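Every number here is computed from the coordinates shown, using simple stated rules; none is lab data. Fair warning: this is a prediction, and the values are worked out from it, not measured in the lab. In this analysis, Cβ positions are derived from the backbone assuming ideal geometry, glycine residues included, and neighbour counts consider all displayed protein chains.
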Amino acid sequence: MSIPTEPIGSIPRPRALQTALAEHAQGRLGDDELAKLRDQATADTLARLEELGCQVLVDGEQAKPSFVTYPITGMTTVDPAGAIIPFADGHTRQLPHLTAGPFRYQIRAETYLHNARRHTDLPLKQAVIAPSALSLLYPGEPLAGYSREAFLQDLADEAEVDIRGCLDAGAHAVQLDFTEARLSLKLDPSGELLKNFIALNNSVLGRFSEDDRPRLGVHTCPGGDHDSTHSLDVDYADLLPELFRLEVGNFYVQLASEEDPDRVLQIIAEHLRPGVRVFVGVTDPIGTTVETPEEVRDRVLLAARYIPADQLGTCDDCGFSPFADDTSTSRDLAFAKIEARLRGTELASQVLGL
């Protein structure tokens with residue numbers, strides 16, 4: 001059996017959808033028209049992935065406003081002026097903050113899964129936002145009548161329903177996006193915030209059975225937005241030992257854009273548990289050149305020196321456009337990189353005799 005390879009999640013939206021999103025935001029395009037274009041983009045994304053030979057598909061998050069905020073789309077009890085996330089190039093993203101409780105998801109990820117299923121019969125992977133990311137929605141000052149503890153309990157319950165709904169809907173795998181993991185060490189070098197994030201996520205993941213574990217995964221990366229990152233300068237050695245405490249069967253680890261992949265792989269090898277698969281990033285989504293299949297092959301073979309072949313997989317470092325308004329990477333470039341990942345992983349599988 002060849003080494004498995006999977007996309008992470010987001011893929012750049014077609015130009016027509018980008019234009020429609022801008023017109024919708026200005027009140028010049030209706031909800032129905034936007035929904036139609038999103039569905040067309042989803043169908044096209046799935047078709048192109050299938051044509052490339054992907055065995056596991058994603059919908060490219062064509063209908064999500066962003067990988068992090070989809071559950072609160074339409075929520076009225078939020079203020080846009082929440083936590084600010086700075087990126088290395090100077091631009092920022094800002095999360096909203098909660099103004100009142102109780103906290104409830106407005107949209108669940110299984111909705112996207114059901115919509116994608118209308119367009120393909122192949123296995124579908126569904127990305128969900130980690131509860132740790134949404135914990136940042138609670139403001140610094142306590143909300144009247146709604147404590148942080150009550151919020152975290154509601155959040156854990158909602159996150160469980162979000163994940164379980166995807167599993168019940170037949171997802172091949174459910175991937176928790178945990179990009180705030182590495183960022184947390186920049187915000188709090190002591191590591192306490194990271195430990196709190198891990199504990200919160202495990203409080204949700206621990207509700208699932210051992211039979212569910214092989215279909216659960218977590219993705220870590222230093223962020224990727226407008227061709228910049230928010231935490232690439234944070235040492236992986238401070239993150240990975242804690243990350244591998246998460247109760248999942250799959251880890252999707254950004255690696256292609258690391259300066260010293262040997263060192264990272266050594267850390268992974270030291271903390272790898274039996275029964276766990278590590279998907280290593282072999283393409284850099286914010287890189288402006290397309291990797292060759294041979295470059296990907298060599299990255300996979302390097303990883304195979306540290307990770308047993310039956311515990312190894314490949315992926316892209318991150319999603320290509322996790323925020324809907326990010327046009328820094330073209331759609332064609334993303335698919336070209338995905339094709340290189342597929343071809344390079346197969347070449348490595350052949351070298352390894354798999």
**Message:** Please check: in the Gaussian network model of the chain (C-alpha springs, under 10 Å), which one of Glu258, Glu61, Glu33 has the largest mean-square fluctuation.
**Reply:** Glu33
**Complete:** Net charge (Lys, Arg +1; Asp, Glu -1) of residues whose beta-carbon lies under 11 Å from that of His24, His24 excluded, is -2
**Fill in**
Across 5 Å bins beginning at 0, the whole-percent shares of Cα-Cα pair distances in segment 38-103 come to 3, 14, 17, 16, 13, 12, 15, 7, 3, 0
**Request:** For segment 164-201 and segment 312-354, write down the distance between their C-alpha centroids in whole Å.
**Result:** 22
**Message:** Taking the alpha-carbon distance from Lys36 and a cut-off under 17 Å, which lysines remain once sequence neighbours fewer than 8 residues away in the same chain are dropped?
**Reply:** Lys64
**Message:** As a test of the formula, what do you get for the chain when each DSSP H run with n ≥ 4 contributes -39,500 (n - 2.57) and the sum is divided by the residue count, at 222 nm and rounded to the nearest 500 deg cm²/dmol?
**Reply:** -12500 deg cm²/dmol
**Complete:** per DSSP, antiparallel bridges as share of beta bridges in the chain, % nearest 5, sits at 25
**Request:** Averaging sequence separations of C-alpha pairs under 8 Å and six or more residues apart, then dividing by the length of the chain, give the relative contact order as a whole percent.
**Result:** 21
**Request:** Would you list, by chain and number, the lysines whose Cα falls below 19 Å from the Cα of Lys195, excluding same-chain residues fewer than 8 positions away?
**Result:** Lys186
**Asked** Hey, what's the Kirkwood Rh for the chain if you take every pair of different alpha carbons, in angstrom?
**Response** 20.4
**Message:** Just to be sure I understand: if I project the alpha-carbon convex hull of segment 116-268 onto a plane and average over all orientations, what area do I get in nm²?
**Reply:** 11.1
**Message:** Could you give each residue of segment 128-134 its phi-based ³J(HN,Hα) in whole Hz, using Karplus coefficients 6.51, -1.76, 1.60 with θ = phi - 60°, and x for Gly or Pro?
**Reply:** 10, 7, 5, x, 4, 5, 6
**Item:** From phi via Karplus (6.51, -1.76, 1.60), per-residue ³J(HN,Hα) for segment 113-122 in Hz, x at Gly/Pro
**Value:** 5, 4, 5, 5, 4, 5, 10, 7, 9, 6
**Message:** Mean-square fluctuation check for the chain, GNM, Cα pairs under 10 Å: which of Ala81, Ala199, Ala100 is largest?
**Reply:** Ala81
**Under Karplus coefficients 6.51, -1.76 and 1.60, residue-wise ³J(HN,Hα) of segment 340-354 in Hz, glycine/proline x** = 4, 4, 4, 5, x, 5, 5, 4, 5, 4, 5, 4, 7, x, 9
**Item:** Whole-Å distance, taken between Cα centres, linking segment 6-65 and segment 212-264
**Value:** 26
**Fill in**
Mean-square fluctuation maximum in Gaussian network of the chain, Cα pairs under 10 Å, restricted to His172, His91, His219, hits His91
**Request:** Enumerate the amide H contacts of His97 below 5 Å, restricted to partners 5 or more residues apart or on another chain; note that Pro and chain-start residues carry no placed amide H.
**Result:** Asp79, Ala81, Gly82
